[in-house]
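Structure first, then comments.
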Amino acid sequence: MGKKIATLITNLFEDVEFTEPAEAFKEAGHQVITIDKHAGNEVTGKKGATVKIDKAIDEVNPADFDALLIPGGFSPDLLREDDRFGQFAKEFIQEGKPVFAICHGPQVFIDTDLLKGVDITGFKSIRNDLKNAGANYKDEEVVVSNNIVTSRFPDDIPAFNREALKLLAK
């Protein structure tokens, strides 16, 4: 049975870091729901892809979803400005639900206070931020730490999708 995947996304996301995982999840029978500050808006990726926002952050509850996806680009940094997005992500981590973040995506987790001792990767420029949050940064194409799957950049997407789909199959 397909899972319902919340996706935190706003303008300047890294196009393929949303489109490729979303496509892989949909092909596997899962539903991908996009979430930003306002429902119905269209957000634009760094390379021009557009995505319609399904739900506003105020309209959603983590309990209604099975997993979380956070694509990279500048989107995660913009989302971090609003504590509601970090709180939303925090509940997935606390509940042990699958969480997928690529490139700059793990930035959303930094303020959750839940990264201490967690193995994680992400784009090199956020390495020290993740370490300062207590994470064990690894420079690897994909890192799986309990319920959290992370990758560094677009070239890692095949490994990222493979590991994310394994968690969704459980």
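Note down all Cβ pairs under 8 Å where the first residue falls in segment 123-134 and is within 20 Å of PHE13 (Cβ to Cβ) and in contact (Cβ under 8 Å) with a residue 24 or more places away in the chain, the second is assigned to a helix (DSSP H, G or I) and of a type in the set (Val, Ile, Thr), and they're at least six residues apart or on different chains.
Between residues of segment 123-134 that are within 20 Å of PHE13 (Cβ to Cβ) and in contact (Cβ under 8 Å) with a residue 24 or more places away in the chain and residues that are assigned to a helix (DSSP H, G or I) and of a type in the set (Val, Ile, Thr), the close pairs are LEU130/ILE110.
Scanning for something at pLDDT 95 or above and closer than 19 Å to ILE148 by Cβ, does segment 49-59 turn up at least one residue?
No: zero hits.
I'd like to know if segment 51-63 contains one or more residues that are in contact with a helix residue (DSSP H, G or I) (Cβ under 7 Å, 6 or more places away or on another chain) and either at positive phi or of a type in the set (Lys, Arg) (or both).
no
Go through segment 73-103 and give me each residue that's open to solvent by 30 Å² or more (accessible area, probe 1.4 Å) and out of contact with any Leu (no Cβ under 8 Å at 6 or more places or on another chain).
Passing the criteria: ASP77, ARG80, GLU81, ASP83, ARG84, GLN87, GLU91, GLU95, GLY96.
Please go through (1) closer than 20 Å to ILE9 by Cβ; (2) in a helix (DSSP H, G or I); (3) not polar (S, T, N, Q) for PRO158 and return the number of the only condition it doesn't satisfy.
Only one criterion in (1) closer than 20 Å to ILE9 by Cβ; (2) in a helix (DSSP H, G or I); (3) not polar (S, T, N, Q) is unmet by PRO158, namely (1).
Inside segment 142-155, can you point out the residues that are out of contact with any Gly (no Cβ under 8 Å at 6 or more places or on another chain), over 16 Å from VAL99 (Cβ atoms) and open to solvent by less than 70 Å² (accessible area, probe 1.4 Å)?
PRO154
Residues of segment 48-63 being out of contact with any His (no Cβ under 7 Å at 6 or more places or on another chain), of a type in the set (A, V, I, L, M) and farther than 20 Å from PRO98 by Cβ, which ones?
ALA49, VAL51
So that you can scan it fast, the table gives a plain yes or no per residue for (1) in contact with a Leu (Cβ under 6 Å, 6 or more places away or on another chain); (2) of a type in the set (S, T, N, Q); (3) at pLDDT 95 or above; (4) open to solvent by 50 Å² or more (accessible area, probe 1.4 Å):
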| residue | (1), (2), (3), (4) |
| --- | --- |
| THR7 | yes, yes, yes, no |
| THR10 | yes, yes, yes, no |
| THR19 | no, yes, yes, yes |
| ASP36 | no, no, yes, no |
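Working carefully through the options ASP139, ASP129, find the one that is at pLDDT 95 or above, open to solvent by 40 Å² or more (accessible area, probe 1.4 Å) and under 21 Å from LYS90 (Cβ atoms).
So the residue among ASP139, ASP129 that is at pLDDT 95 or above, open to solvent by 40 Å² or more (accessible area, probe 1.4 Å) and under 21 Å from LYS90 (Cβ atoms) is ASP129.
The values are calculated or read from the model by the stated rules, or taken from the named source; none is laboratory data. In this text, all values refer to a predicted model and were calculated from it rather than measured experimentally. Glycine also receives a Cβ, built like all others from the backbone with ideal geometry; neighbour counts cover every protein chain displayed. Just so you know, the surface numbers come from the protein's heavy atoms only, side chains and all, with ligands and any DNA or RNA stripped out. Shrake-Rupley method; radii C 1.70, N 1.55, O 1.52, S 1.80 Å.
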